[in-house]
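A short write-up of the structure that comes next.
The values are calculated or read from the model by the stated rules, or taken from the named source; none is laboratory data. Predicted, not measured: the structure shown is a model, and the values here were computed from it. Heads up, the Cβs are rebuilt from the backbone with ideal geometry, glycines too, and the neighbour counts pull from every protein chain shown. Surface accessibility is based on the protein's heavy atoms, side chains included, excluding ligands, DNA and RNA. Shrake-Rupley method; radii C 1.70, N 1.55, O 1.52, S 1.80 Å.
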Amino acid sequence: KPWNNQLLLQRISTLLDIAGREDEGESAVDSDGFDRSFIIGNSPELIAVLDTIKRVAKTDASVLIMGENGTGKELIAQALHVNSRRKSKPFVKVNLGGVSHSLFESEMFGHKKGAFTGATADREGRFSVADKGTIFLDEIGDLDMSCQVKLLRVLQEHTFEVLGESTPRKVDIRVVCATNADLAQMVRDRTFREDLFYRINLITVTLPPLRERRSDIPLLVRYFADEICRLNDMPPVKIAKTAMSYLSKLPYPGNIRELKNLVERTLLVGGADELKASHFERQYAQQSSELPGKMMSLNGLTLDEIEKRTIVDALEKYNNNLSQVAQALGITRQSLYRRMEKYHIGL
């Protein structure tokens, strides 16, 4: 009490939707005992990725997950962990794009009190926290050469030294890495160590962009809509077939993350019992107008060139306000600093 009819209907709708997904092969655990929680879709491209994950999950093989931003690399890393023999142990996520090279050793290996100025207490490093479990190193392509050397030693020898200690510590970890960069090209350009590259990619998994798995878009839209309604205590909404058809044809350079953002904005702003194509069209037009800068043709540009141009345009749009730029680009200020340093962008 008090009784809420809409809340009851929402719960029933969610349960029916889950049951429907189970009938369509979308259950959290499939017939092979593979847990694919929160990985939505049944397109051939996604199933091929999941088949690879199934085969390697129970091993300790290092895995490199490649793919564009917003394709769900972290979810794949989590699936590797929860289906491994280490699932009851820690799963530690590290965004290397947001770790300053000057703090890399302290962040990853830990430090003792008094090891350096400002070290007022002992700190446990990420590798210690991940012992017996899995460590997920995201944006590994952003790691500078000096930090790559330090990381390589841990991955080769499974030992590290805490700052302020001289005794090496042993660590038992499974390493999963992710990047949207072309590491093979970076090796050729001598900006990424070849020995580290071969150490982290015993198994390589490449996630397809959303535009290559369009048959999954209706399932994703329905899942996001139900989750947003549940989290915001909103009554469930219907999504018209014309809306699904419209959403299935958009280009999605931001992939699943962009789709989720569009669904959430439209649902929260729309205020309708049934969302039609026109509702999504208005929000998509507004979202597109908010993209940073002068969107010129990207034909012939490398991923690094596109990223550099996007950052420069965003800096111009927000008058060099780094907090606003980072928020618009969906990254942390630390990650923005590292990218500006990488591309020699000054204010």
* Asked: Restricting attention to region 140-155, does a residue exist that is closer than 27 Å to Lys89 by Cβ and either open to solvent by 70 Å² or more (accessible area, probe 1.4 Å) or not in a helix (DSSP H, G or I) (or both)?
  -> yes
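Looking at region 120-136, which of its residues are open to solvent by less than 10 Å² (accessible area, probe 1.4 Å) and in contact with a Ser or Thr (Cβ under 9 Å, 6 or more places away or on another chain)?
Gly125, Gly133, Thr134 - these are the residues of region 120-136 that are open to solvent by less than 10 Å² (accessible area, probe 1.4 Å) and in contact with a Ser or Thr (Cβ under 9 Å, 6 or more places away or on another chain).
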* Asked: Which members of region 106-119 meet the condition of being open to solvent by 50 Å² or more (accessible area, probe 1.4 Å) and in contact with a strand residue (DSSP E or B) (Cβ under 8 Å, 6 or more places away or on another chain)?
  -> Lys112, Phe116
* **Filtered residues of region 51-72 (kept if within 16 Å of Gly41 (Cα to Cα) and open to solvent by less than 20 Å² (accessible area, probe 1.4 Å))** => Ile53, Gly70, Thr71
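Can you find a residue that is within 30 Å of Ser278 (Cβ to Cβ), part of a helix (DSSP H, G or I) and of a type in the set (A, V, I, L, M, F, W, C) anywhere in region 193-211?
Yes: one or more hits.
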* Structure fact -> How many residues of region 153-192 are closer than 28 Å to Lys58 by Cα and touching a residue at least 12 places away in the same chain (Cβ under 8 Å)? The answer is 22
* To do: Working only within region 162-172, note down all residues that are of a type outside the set (Val, Ile, Thr) and either out of contact with any strand residue (DSSP E or B) (no Cβ under 7 Å at 6 or more places or on another chain) or assigned to a helix (DSSP H, G or I) (or both).
  => Glu165, Ser166, Asp172
